[in-house]
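The values are calculated or read from the model by the stated rules, or taken from the named source; none is laboratory data. Remember, it's a predicted structure, so these values are computed and weren't measured experimentally. Cβ atoms come from the backbone with ideal geometry, glycine included; neighbour counts cover every protein chain shown. Each accessible area value is taken on the protein alone, full model and side chains, heavy atoms only, with ligands, DNA and RNA left out. Shrake-Rupley method; radii C 1.70, N 1.55, O 1.52, S 1.80 Å.
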Amino acid sequence: MPTRSKIALVGAGNIGGELAALCVQKQLGDVVLYDIAPKENFAKGKALDLEQNSVVHGWDARVTGTSNWADCAGADVVIITAGVPRKPGQSRDDLIAINLPIIRDVADNAKKHCPDAFFIVISNPLDAMVYELKRRIGAPREKVVGMAGVLDSARFQLFLARAAGVSVKDVRAMVLGGHGDDMVPLLSATTIDGVPVTQLLAKDVIDAIIERTRKGGGEIVGLMGTSAYYAPASSAIAMAEAYLRDQKRLLPAAAYLDGEYGYSDLYMGVPVIIGGKGVEKIVELNLSADEKAMLAKSAASVQAIVDVVKKG
Ligand code: APR
């Protein structure tokens with residue numbers, strides 16, 4: 001008998017709720033919305049609201065709220081947003097002291113209850129959190145990935161589409177590197193329906209868009225007082241769907257590097273192919289000298305925060 005996939009969402013806050021809504025809407029599988037004991041009723045309430053919403057649409061997936069890790073047992077996919085988001089003026093790295101013990105707690109429970117899942121980490125500082133989760137669970141690198149590149153690329157694509165006056169559907173772009181202010185928008189891979197963006201937009205316009213993309217998360221934190229949740233959730237769901245439906249999608253994601261791009265024992269945003277086996281391939285592109293230099297700067301920032309994690 002075929003059974004529905006099971007998706008465990010660890011953290012039932014702003015992103016967790018949106019993730020659950022998208023899982024149901026896309027009929028990806030049954031959802032377990034986990035949060036810590038003081039938030040159990042909150043998670044249960046969100047789950048009930050989402051199930052009632054499903055009735056209106058005719059969606060069959062089940063949503064359960066819980067603070068019991070045993071309910072996550074056997075999950076095919078685990079998406080982690082546990083932790084605190086940024087407040088205005090904070091960098092992602094400022095969250096390390098609070099979010100490091102949280103990711104360790106999540107890793108220890110995940111190792112016990114659902115070690116074979118495909119893990120997608122969203123909690124910040126992303127590259128350090130996903131590194132620690134993999135290290136602590138001891139999972140193969142194919143099964144642990146961080147969500148940043150799809151989101152950063154979406155931000156870049158939006159600003160380019162608006163500046164060029166074209167549909168967002170026609171802009172292709174990729175942002176690599178760490179999920180911080182040193183991220184690397186790859187101009188060589190940025191086109192408007194195949195036409196290099198440099199032919200359609202002036203350099204100063206592109207430079208301003210790159211700067212806005214790098215600070216894209218902070219812009220929203222400044223406006224809302226907390227971090228974004230719709231686009232981060234959609235980005236992670238694109239990755240989960242690629243895994244669950246074996247789509248072999250080429251997406252930028254934080255992947256564990258073991259020599260690729262000249263880096264080892266580090267998570268950083270690179271193009272990967274996600275299919276039914278997880279990260280099936282890390283795609284190595286020929287970068288320009290400029291892009292290599294930007295990637296090196298970004299890698300140094302990630303390494304600094306990973307060093308903090310290793311010491312802690
Ligand atoms: N296990 C599970 N959940 C936890 C734990 C834990 N050990 N500790 C905290 N949480 C829960 C909180 O109770 C809260 O409900 O994580 C949830 C986080 O939700 P929000 O505060 O709404 O944060 P959100 O906007 O969803 O962002 C979560 O993603 O993008 C990143 O920077 C962001 O690190 C932040 C994370």
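Just to be sure, is residue 233 free of Cβ contacts under 8 Å to residues at least 40 places away in the same chain, under 17 Å from residue 19 (Cβ atoms) and surrounded by 14 or more Cβ atoms within 10 Å (Cβ to Cβ)?
no
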In the set 68, 14, which member is within 15 Å of residue 229 (Cβ to Cβ), open to solvent by 30 Å² or more (accessible area, probe 1.4 Å) and within 12 Å of the ligand (Cβ to nearest atom)? 14
Failed condition for residue 295, given (1) under 16 Å from the mean Cα position of the chain (by Cα); (2) open to solvent by less than 20 Å² (accessible area, probe 1.4 Å), with all others met? (1)
Please find, among 122, 102, 98, the residue that is open to solvent by 10 Å² or more (accessible area, probe 1.4 Å), among the β-branched types (Val, Ile, Thr) and more than 20 Å from residue 8 (Cβ to Cβ). 98
Suppose the filter is among the polar types (S, T, N, Q) and in contact with a strand residue (DSSP E or B) (Cβ under 8 Å, 6 or more places away or on another chain); does residue 91 pass it? no
Within region 95-106, residues free of Cβ contacts under 8 Å to residues at least 60 places away in the same chain and near the ligand (Cβ under 10 Å from one of its atoms) come out as 95, 98, 99, 101, 102, 103, 104, 105
If I filter region 153-163 for residues that are aromatic (Phe, Trp, Tyr), open to solvent by 20 Å² or more (accessible area, probe 1.4 Å) and in contact (Cβ under 8 Å) with a residue 24 or more places away in the chain, do I get at least one hit? yes
At pLDDT 95 or above, closer than 30 Å to residue 77 by Cα and touching a strand residue (DSSP E or B) at 6+ places or on another chain (Cβ under 7 Å): is that true of residue 148 in this structure? yes
